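Structure, as structure tokens:
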Number of protein chains: 2
Amino acid sequence: MTGTLYGLGVGPGDPDLITLKALRILQSAPVIAWPAPPKGESLARAIAAPHITHDPIEIPIRMPLATSRFPDRAVYDEAAAAIGAHLAAGRDVAALCEGDPFFYGSFMYLYERIADRFPVVTVPGISSLMAAAAASKGPLAARNDVLSVVPGPLSVDALRRAIDQADCVAVIKLGRHFGKVRTLLAEMGLVGQARYVAHATMANQSTIPLADVDGDSAPYFSMILVHKRGAAWR
Amino acid sequence: MTGTLYGLGVGPGDPDLITLKALRILQSAPVIAWPAPPKGESLARAIAAPHITHDPIEIPIRMPLATSRFPDRAVYDEAAAAIGAHLAAGRDVAALCEGDPFFYGSFMYLYERIADRFPVVTVPGISSLMAAAAASKGPLAARNDVLSVVPGPLSVDALRRAIDQADCVAVIKLGRHFGKVRTLLAEMGLVGQARYVAHATMANQSTIPLADVDGDSAPYFSMILVHKRGAAWR
């Protein structure tokens with residue numbers, strides 16, 4: 001009997017936004033794995049922490065701060081080997097994922113290394129997208145809207161094309177691209193229908209009209225929500 | 001002291017995919033409201049049912065089967081009046097929402113009628129989008145992908161433009177538009193990278209390569225997921 005790898009969405013930040021299903025798997029998993037920066041705390045581990053009442057074996061997956069398009073393969077190869085050894089020995093492994101595992105998540109790098117040898121189950125989580133909409137007090141999309149999720153690192157032309165074709169837009173991965181995105185939205189006449197949300201559902205959550213946000217950069221855990229028919233949802 | 005209206009995401013179908021936060025609010029709300037067809041069962045109510053252990057006052061919101069662009073305003077006016085009376089009397093009201101309240105949800109129609117008079121809190125839920133990705137065993141989007149959510153009722157031209165500009169696409173609200181969407185995806189050479197998911201996380205869940213799906217219509221609770229770089233995630 002081999003173990004099962006669970007990709008466990010732990011939600012966007014508020015520990016109470018974990019699902020009952022993820023909680024049950026988390027609390028019975030003999031092994032947990034979690035992504036983390038080179039040094040310091042794992043956000044996924046921190047979100048799950050109040051719920052971890054047993055004493056699981058823990059596998060940190062510490063990623064170099066990637067500037068390249070593809071993350072460091074060796075780190076995932078090593079993590080997959082460690083996880084695979086537990087699975088082969090019959091121990092389930094819960095891989096903790098911020099938000100939802102398959103929404104721009106790093107879980108895919110474990111999935112593609114494990115799924116041909118062991119059972120893998122993905123448990124969806126509340127994504128930052130839904131959390132930001134709730135925080136911003138307005139619908140993400142409605143009726144027959146086209147909703148596009150657009151990563152900030154794209155070129156200005158690629159951003160413009162994607163935003164042009166959508167009724168509602170979430171620009172994610174802002175960071176140092178924030179100024180570029182704000183300038184483009186201004187050129188497109190969309191700043192008035194745009195809201196900036198940072199750290200949705202966390203203690204330091206903030207929601208501000210984009211027009212009121214200064215500076216050229218933004219935290220990683222932030223996004224801009226645009227609805228071209230802004231008036232439809234105040 | 002007035003009550004608070006909670007927009008409560010109850011998730012996509014599996015009752016265990018409710019969050020701890022939504023569960024706590026659900027189980028302490030003296031009043032619950034839920035959308036339903038003209039006759040018969042409410043899906044949102046059915047998803048929440050195993051968790052309703054107290055005996056709340058219940059407000060059904062029965063919508064005519066809408067073929068028009070805007071739902072029947074009178075039904076929401078009436079529901080908002082009933083909910084408002086409870087809020088004014090100091091009773092919290094939990095409005096149950098399938099999936100996530102602000103992801104193409106009808107909660108916005110209550111929100112816009114209530115939010116200027118009473119406190120409203122939206123509790124995000126697992127949307128059908130994340131549930132379908134988990135069921136389909138592949139990432140919804142990754143890295144710098146543009147992800148677009150596209151409603152099936154749009155015209156072929158509008159669908160084509162939206163799909164053209166995205167790396168990953170979720171076509172929702174398929175119903176009688178399924179045949180039109182499949183024909184378009186075939187013309188665009190994308191059937192091989194498309195998966196069909198119906199009733200994600202429910203007992204009758206199915207996930208099938210789009211190429212293997214027959215017929216011209218699909219259930220309401222289905223979607224097509226396309227990833228243009230399909231090979232990247234098998």
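Here are some notes:
- Neighbouring partner chain Cβ atoms per residue of B:104-117, average, 10 Å criterion: 3
- If R0 is taken as 25 Å, the Cβ-Cβ distance between A:ASP55 and B:LYS137 corresponds to a FRET efficiency of 0.20.
- At least 27 Å along the helix axis (C-alpha) and Kyte average at least 1.0, DSSP helices within chain A: none
- When the convex hull of its Cα atoms is projected in every direction, mean area for region B:5-65 (nm²): 4.2
- Summed side-chain charge close to A:ALA133 - residues other than A:ALA133 whose Cβ falls under 10 Å, Lys, Arg +1, Asp, Glu -1: +1
- Distance from the Cα centroid of region A:4-70 to that of region B:8-56 is 28 Å (rounded to whole angstrom).
- Dimensions (Å) - region A:128-233, Cα atoms, principal axes, largest first: 34, 30, 20
- A protection proxy built from the mean count of other Cβ atoms within 10 Å ranks the segments A:133-141, B:192-200, most packed first, as A:133-141, B:192-200.
- Computed over chain B: relative contact order in percent, which uses C-alpha pairs under 8 Å that are six or more apart: 21
- In plain terms, the chain from A:ASP72 to A:ALA211 could stretch by 46.3 nm, reckoned as 0.36 nm per residue minus the Cα-Cα distance.
- Partner shielding of A:148-155 amounts to 5, given as the average count of beta-carbon atoms from other chains within 10 Å of each residue beta-carbon.
- When restricted to Cα atoms, region A:58-153 yields an Rg and a Dmax of 16.6, 49 Å, respectively.
- Looking at region B:8-85, the GluC sites (Glu not before Pro) that sit in a DSSP loop and have at most 14 other Cβ atoms within 10 Å of their own Cβ are B:GLU41.
- Placing a pseudo-label 7 Å from each Cα along the Cα-to-Cβ vector at B:ALA115 and A:ALA89 gives an inter-label distance of 5.1 nm.
- Restricting region A:1-86 to trypsin sites (Lys or Arg not before Pro) in coil, as DSSP defines it, with at most 16 other Cβ within 10 Å: A:LYS39, A:ARG69
- Value at 222 nm in deg cm²/dmol, rounded to 500, when DSSP H runs of n ≥ 4 in chain B each add -39,500 (n - 2.57): -8500 deg cm²/dmol
- Two-decimal ratio, the protein assembly as shown, of alpha-carbon radius of gyration to 2.2 N^0.38 Å: 0.94
- Share of Cα-Cα pairs in region B:1-105 lying beyond 17 Å, as whole percent: 52
- With the convex hull drawn over the C-alpha atoms of chain A, the volume per residue is 137 Å³.
- Inter-copy separations for A:GLU58, label at 7 Å along Cα-Cβ, nm, ascending: 4.4
- When region A:122-187 is reduced to its Cα atoms, the Kirkwood hydrodynamic radius in Å: 12.9
Only the coordinates and a few stated rules stand behind these numbers; no lab work does. Quick caveat: nothing in here was measured; it's all calculated off a predicted structure. Quick reminder, even Gly has a Cβ in these numbers, built from the backbone with ideal geometry, and neighbours come from all protein chains shown.
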